[in-house]
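Engineer: Below you'll find the structure I mean.
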Amino acid sequence: MLHHFAIAVKDFSTSHYFYTEVMGFKLVAGVKRQAPGGGWTKHMFYDIGGGKTMALWDLRGIEGVLINPAEWRSSISSGLGLPGWVNHFAFECSGEEELQARKQRWLDHGYNVSQVDHAFIRSIYTYDPDKNWIEWTYETRPRNEADRIEAEEILRDNSPATLADYEGTFTRSTVLKCRNPPVPAG
């Protein structure tokens, strides 16, 4: 079971603003330590619901010591040369009402939103400040034995896919993003 996941971010203040104000997560813990090999880091934890957390790394203390600031890329997909939608973070919401509220929150903060209905989940997507693909989702029906059997068949089938990609809607925000979020206190 997941306890937390952690990502390094290029601009901590902007990412902190995104995950607290845009996503609505609360800062719940932090650790500040010297880093192995030199420098120091902050490891800040945010409540993502259900007793689980995510963490943002503030690596300013090791840039120029352990890493070259101009060379590392913080996106978990495009930073590796992959399309932005490949690696992503999916956060669970309670249903359609919360999904639409989350969508509106993103739009109100200047983020564009894609919405897709998958086989058993409905999802919305946007990019965080580091160009990580972020998803809110909920299950539209329980998964069942037929889903498991289909998954086993797909696993064994190495022929090219014949079904088109999912179709969805794209909503462009009419609000400008906060370009200079407030610096976190402390």
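Bear in mind that the values in this text are calculations on the coordinates, not laboratory data. Quantities reported herein were computed from a predicted structural model and do not represent experimental measurements. So basically every Cβ, Gly included, is an ideal-geometry build from the backbone, and we count neighbours across all protein chains shown.
Engineer: Quote the charge dipole size of the chain about the Cα centre in Debye, to the nearest 20; the model charges only the Cβ of Lys and Arg (+1) and of Asp and Glu (-1).
Structural biologist: The dipole of the chain has a size of about 920 debye.
Engineer: Can you compute 3J(HN,Hα) from phi for each residue in the range 24-31, using the Karplus curve 6.51 cos²θ - 1.76 cosθ + 1.60 with θ = phi - 60°, rounded to whole Hz and x for Gly and Pro?
Structural biologist: Values per residue, Gly and Pro as x: x, 7, 9, 5, 10, 6, x, 9 Hz.
Engineer: Among Leu56, Leu80, Leu27, which one shows the highest mean-square fluctuation when the chain is modelled as a Gaussian network with alpha-carbon springs under 10 Å?
Structural biologist: Leu80
Engineer: Hey, another quick one. Measure up Lys52/Lys131; Lys10/Lys42; Lys10/Lys103; Lys32/Lys131 against 20 Å on the Cα-Cα distance and list the ones that go over.
Structural biologist: Pairs exceeding the cut-off: Lys52/Lys131; Lys10/Lys103; Lys32/Lys131.
Engineer: Here's another thing I want to ask about it. On C-alpha positions alone, give me the angle between the axis of helix 96-108 and the longest principal axis of the chain, in degrees, nearest 10.
Structural biologist: 40 degrees
Engineer: So what are the ³J(HN,Hα) numbers for the range 6-12, from phi and the Karplus equation (6.51, -1.76, 1.60; θ = phi - 60°), rounded to whole Hz, Gly and Pro as x?
Structural biologist: 10, 10, 8, 10, 6, 10, 4
Engineer: Work out from phi, with θ = phi - 60° and the Karplus expression 6.51 cos²θ - 1.76 cosθ + 1.60, the ³J(HN,Hα) of each residue of the range 86-94, listed in order in whole Hz, and give x for Gly and Pro.
Structural biologist: After applying 6.51 cos²θ - 1.76 cosθ + 1.60, I find 5, 7, 7, 10, 10, 9, 8, 10, 7 Hz.
Engineer: Separate question: Put a dot 7 Å past each Cα toward the Cβ at Asn87 and Trp40; how far apart are the dots in nm?
Structural biologist: If labels sit at Trp40 and Asn87, their model points lie 2.8 nm apart.
Engineer: List the residues whose amide H sits under 5 Å from the amide H of Cys93, counting only those 5 or more places along or on another chain, with H placed 1.01 Å from N in the peptide plane.
Structural biologist: Those qualifying (amide H under 5 Å, at least 5 residues apart or on another chain) are Thr137, Tyr138.
Engineer: Under a cut-off of 20 Å between alpha-carbon atoms, report the aspartates and glutamates in cross-link reach of Lys26, not counting same-chain residues fewer than 8 places apart.
Structural biologist: Cα-Cα hits under 20 Å: Asp11, Asp47, Asp58, Glu92, Glu98, Asp108, Asp128, Asp130, Glu135.
Engineer: So, one more: Please work out which option in (i) 129; (ii) 108; (iii) 165 gives volume of the Cα convex hull per residue in Å³ calculated from these coordinates, and answer with its label.
Structural biologist: Read-out taken from this structure: (iii).
Engineer: If you don't mind, there's one more thing I want to ask. At Thr171 and Val28, where each label point lies 7 Å from the Cα along Cα→Cβ, what is the point-to-point distance in nanometres?
Structural biologist: Output for this residue pair reads 2.8 nm.
Engineer: May I pose another question? Tilt of helix 145-156 relative to the longest C-alpha principal axis of the chain, in degrees (0 to 90, nearest 10)?
Structural biologist: Helix 145-156 and the main axis of the chain meet at about 80 degrees.
Engineer: Given the rule -39500 (n - 2.57) for each run of at least 4 DSSP H residues, summed and divided by the residues of the chain, what is its mean residue ellipticity at 222 nm, to the nearest 500 deg cm²/dmol? Write down the numbers at each step before the final one.
Structural biologist: Working: 3 runs with 31 residues, N = 186.
Using -39500 (n - 2.57) per qualifying helix, the result is -5000 deg cm²/dmol.
Engineer: Relative contact order of the chain: what whole-number percent is it, with Cα pairs under 8 angstrom and at least 6 residues apart?
Structural biologist: Here the relative contact order equals 21 percent.
Engineer: How far apart, in nm, are two points set 7 Å out from the Cα along the Cα-to-Cβ line at Ala161 and at Ala6?
Structural biologist: Result: 3.3 nm between the two label points.
Engineer: List Cys178, Cys93 from most exposed to least, where exposure is judged by having the fewest other Cβ atoms within 10 Å.
Structural biologist: On the way: Cys178 14, Cys93 19.
Fewest-to-most ranking of Cys178, Cys93: Cys178, Cys93.
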